[in-house]
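A short worksheet on the structure shown next.
The values are calculated or read from the model by the stated rules, or taken from the named source; none is laboratory data. Keep in mind the model is a prediction, meaning the values are calculated, not measured. In this analysis, Cβ positions are derived from the backbone assuming ideal geometry, glycine residues included, and neighbour counts consider all displayed protein chains. Each accessible area value is taken on the protein alone, full model and side chains, heavy atoms only, with ligands, DNA and RNA left out. Shrake-Rupley method; radii C 1.70, N 1.55, O 1.52, S 1.80 Å.
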Amino acid sequence: MPIYISRGRFTSDAVKGMVAKPENREEAVSKLFESVGGRLIGWYLTFGQRDWLVIGEFPDDKAAASAVLAAAAGGSLSDIETVPAMTAKDAHATFLSAGT
């Protein structure tokens, strides 16, 4: 399945809520991805311009977009960016194909 990487920020209200009532977001993200036929590879808290990074596999662009839009609809996320990613094996095949 294609791999997608999403990253973004938490709203200030989301941060306040998570500090007041901490919870492991990985389980919720995993369930969301599974609900559209995907699989969570990893969820990370990050530093810098983005607060979080998620890597997942989805059957197609529609499933990936559905998961991201559902997460965004909750109102606790902002500045979301999602990009497709290739494994080293797929990238190698792509470069071989480009050379022919």
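Annotations
- Scanning the range 37-49 for residues that are buried (at least 17 other Cβ atoms within 10 Å of the Cβ) and either within 20 Å of SER78 (Cβ to Cβ) or polar (S, T, N, Q) (or both) yields a single hit, TRP43.
- The one condition from (1) under 20 Å from PRO2 (Cα atoms); (2) surrounded by fewer than 16 Cβ atoms within 10 Å (Cβ to Cβ) that VAL54 does not meet is (2).
- When GLY75 is tested against (1) in a loop (DSSP other than H, G, I, E, B); (2) at negative phi, exactly one condition is not met: (2).
- Some residue of the range 11-20 being of a type in the set (Lys, Arg) and touching a Phe, Trp or Tyr at 6+ places or on another chain (Cβ under 7 Å): no
- For the range 12-28, residues that are open to solvent by less than 100 Å² (accessible area, probe 1.4 Å) and either at positive phi or modelled with pLDDT under 90 (or both) total 1.
- Against the conditions (1) modelled with pLDDT under 95; (2) open to solvent by 60 Å² or more (accessible area, probe 1.4 Å); (3) not aromatic (Phe, Trp, Tyr), GLU34 satisfies every one except (1).
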